[in-house]
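Working notes, structure below.
The values are calculated or read from the model by the stated rules, or taken from the named source; none is laboratory data. It should be emphasised that the depicted structure is a prediction, and the values quoted were computed from it without experimental measurement. So basically every Cβ, Gly included, is an ideal-geometry build from the backbone, and we count neighbours across all protein chains shown. Keep in mind that these areas ignore ligands, DNA and RNA; they rest on the heavy atoms of the full protein, side chains included. Shrake-Rupley method; radii C 1.70, N 1.55, O 1.52, S 1.80 Å.
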Amino acid sequence: MKEYSTTFLGGTALIGAAALLLAVAALTGRGDMTSATLVLVGVGTFVGGVILLTQYRGEPVVPWVAGLATAGPVIDLTRLCTDLGLQGNAHLLLRDEEIVQVVPVGDSPPVLPSDDYSFIGEENGGGVQLQPTGWLLYERLVRDHALVIPEGVDGLCTAIREVGEDVLCLADRIVAAPEGDGIVVQISGYRLYEGCRAVHAVSPKCCTMIGCPVCNLFACMAVAGLHRGCVLEHVSIDDHEQSVKLVLRIL
């Protein structure tokens, strides 16, 4: 049996208290200030309970389900790329108003062709181009939450923290800070950590060649905010803290 949320229990308790107060007022029938106060408090309590119940939407998705749901496609895409002989990390690049993800043969990114064909020929350096796994999240945040990435590294770091911690509620704490030629994002108490564990168990390369939607989202934000390319340079995890360290290298 599913446990009821505190919101549901609180709403039910308020309605029950309201019914008790109104019943006492009706049974005493004194018609004085005391009865009027009971009625007012009872009605107010009832309205509060109704508001709480109407906001109740049942139990949220269990975090480990959400985390594992994205792990399989990331693993499969990595296997496909390695079977094609690709060895590079994910390069997220800006083309017009769109962000594309390129997995090159080696360390250097290929030249983006004019078309959006998945395979990039040897004449352009070789590789594949994909839709970033975090693109749909980024697009939704821009469309429905009016996300605007501030210019500059400091503004970008603040935006990453606010999006991950306050808007999406992905972790207990997210810290993003510039370091060298890139940005380091520390995700502590990560709620989707089971997906990271599953992906990392297959190969840490999955995290840098393709990247989960969340790490990839932060890379999309970096490209959009700095108007420069970005590489998923390094991803490490900590089982004890259920934390993730992401290093983005800015091109």
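Some values worked out for this structure:
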quantity	calculated
Of all residues making up the range 203-236, the number that are touching a Ser or Thr at 6+ places or on another chain (Cβ under 7 Å) and among the aliphatic types (A, V, I, L, M)	4
Among residues of the range 61-78, those that are in a helix (DSSP H, G or I) and surrounded by 15 or more Cβ atoms within 10 Å (Cβ to Cβ), counted	10
Filter result (closer than 17 Å to residue 247 by Cα and either open to solvent by 60 Å² or more (accessible area, probe 1.4 Å) or within 14 Å of the chain's Cα centre (by Cα) (or both)) within the range 172-185	173, 174, 178, 179, 180, 181, 185
All positions within the range 223-236 that are over 12 Å from residue 90 (Cβ atoms), under 19 Å from the mean Cα position of the chain (by Cα) and crowded, with 19+ Cβ neighbours inside 10 Å	224, 225
Among the residues listed as 196, 169, 207, the single one being open to solvent by 10 Å² or more (accessible area, probe 1.4 Å), farther than 27 Å from residue 83 by Cβ and either at pLDDT 95 or above or assigned by the TED database to the domain that holds residue 101 (or both)	169
Residues within the range 84-105 that are open to solvent by 10 Å² or more (accessible area, probe 1.4 Å), at pLDDT 85 or above and of a type outside the set (Val, Ile, Thr), tallied	9
Within the range 169-184, considering residues that are free of Cβ contacts under 8 Å to residues at least 40 places away in the same chain and in a loop (DSSP other than H, G, I, E, B), the one nearest to residue 227 (Cα to Cα)	180
